Amino acid sequence: MTLDLRDRIVDVPDFPTEGIVFKDVMPLLADREHLAETIRLLAEWSRAREPDVILGAEARGFIFGGALAYELGVGFVAARKPGKLPRATVEATYALEYGTDSLHVHRDAIAAGARVIVLDDVLATGGTARAKVDLVEQLDGIVAGALFVIELTFLGGRDRLDGYDVHSLIQY
Ligand code: AMP
């Protein structure tokens, strides 16, 4: 019997705002078999891209990213909201529904020439992923892939990542 990851992803209508169908992955994380299968599938795709590190943004990107990095035997780098990282950072700004937000990484977190897989739970409009790609390239790292558990194909996030190796485990 093969596991269907979709069985542990719950649609929450009108969260956090009206009209958004939020994909809640907490039941998937809480189920040991679904979590293991998710990390196994993420690792299978990642291995061939030979990453040196996984870059994930808070908060769910930390959970999947930490587990994936451990499974691959590579490092994990955190992309964080402004004001969270204690040392010198680079910054990338991205558009939100209203206004902008930004992500930071420590300047010494990614070495020049390092192969980096950027990871998130959901690819929606692609703004967050694009910001992570920009952070890697500001530090002269190589984007070895952009990887997601879930892709909301109707939002066209993949178009923002044109030219990069993009993969998602589940598409809606
Ligand atoms: P985006 O920058 O539009 O691709 O949005 C991606 C980020 O927002 C990811 O970190 C997701 O966790 C979160 N996100 C966006 N849309 C959803 C959704 N429908 N369900 C769950 N998370 C979402």
Which ones in segment 51-90 are touching a helix residue (DSSP H, G or I) at 6+ places or on another chain (Cβ under 8 Å) and part of a strand (DSSP E or B)? V53, I54, L55, G56, A57, G75, F76, A78, A79, V90
Candidates A43, A69 - the one that is open to solvent by less than 50 Å² (accessible area, probe 1.4 Å) and either touching a strand residue (DSSP E or B) at 6+ places or on another chain (Cβ under 7 Å) or polar (S, T, N, Q) (or both): A69
If the Cβ limit is 6 Å and pairs must be 6+ apart or interchain, which residue in segment 119-144 that is assigned to a strand (DSSP E or B) pairs with which residue that is open to solvent by 20 Å² or more (accessible area, probe 1.4 Å) and hydroxyl-bearing (S, T, Y)? V143/Y164
Looking only at segment 116-128, filter to residues that are out of contact with any Phe, Trp or Tyr (no Cβ under 7 Å at 6 or more places or on another chain) and near the ligand (Cβ under 6 Å from one of its atoms); which one of those is most open to solvent (accessible area, probe 1.4 Å)? T125
Among the numbered criteria (1) within 12 Å of the ligand (Cβ to nearest atom); (2) in a helix (DSSP H, G or I); (3) surrounded by fewer than 17 Cβ atoms within 10 Å (Cβ to Cβ), which single criterion is violated by E97? (2)
Kindly check whether there is at least one residue in segment 103-115 that is touching a residue at least 24 places away in the same chain (Cβ under 8 Å), assigned to a helix (DSSP H, G or I) and within 16 Å of the ligand (Cβ to nearest atom). no
Counting only residues that are hydrophobic (A, V, I, L, M, F, W, C) and over 20 Å from I110 (Cβ atoms), which one in segment 44-66 is farthest from the ligand (Cβ to nearest atom)? A48
Looking at segment 141-162, which of its residues are open to solvent by less than 80 Å² (accessible area, probe 1.4 Å) and away from the ligand (no atom under 14 Å from the Cβ)? G141, I142, V143, A144, G145
What number of residues within segment 1-40 are assigned to a loop (DSSP other than H, G, I, E, B), more than 14 Å from the ligand (Cβ to nearest atom) and surrounded by 14 or more Cβ atoms within 10 Å (Cβ to Cβ)? 2
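The values are calculated or read from the model by the stated rules, or taken from the named source; none is laboratory data. For clarity, every value in this text was computed on a predicted model and none was experimentally measured. So basically every Cβ, Gly included, is an ideal-geometry build from the backbone, and we count neighbours across all protein chains shown. The accessibility values were calculated without ligands, DNA or RNA, using every heavy atom of the protein model including side chains. Shrake-Rupley method; radii C 1.70, N 1.55, O 1.52, S 1.80 Å.
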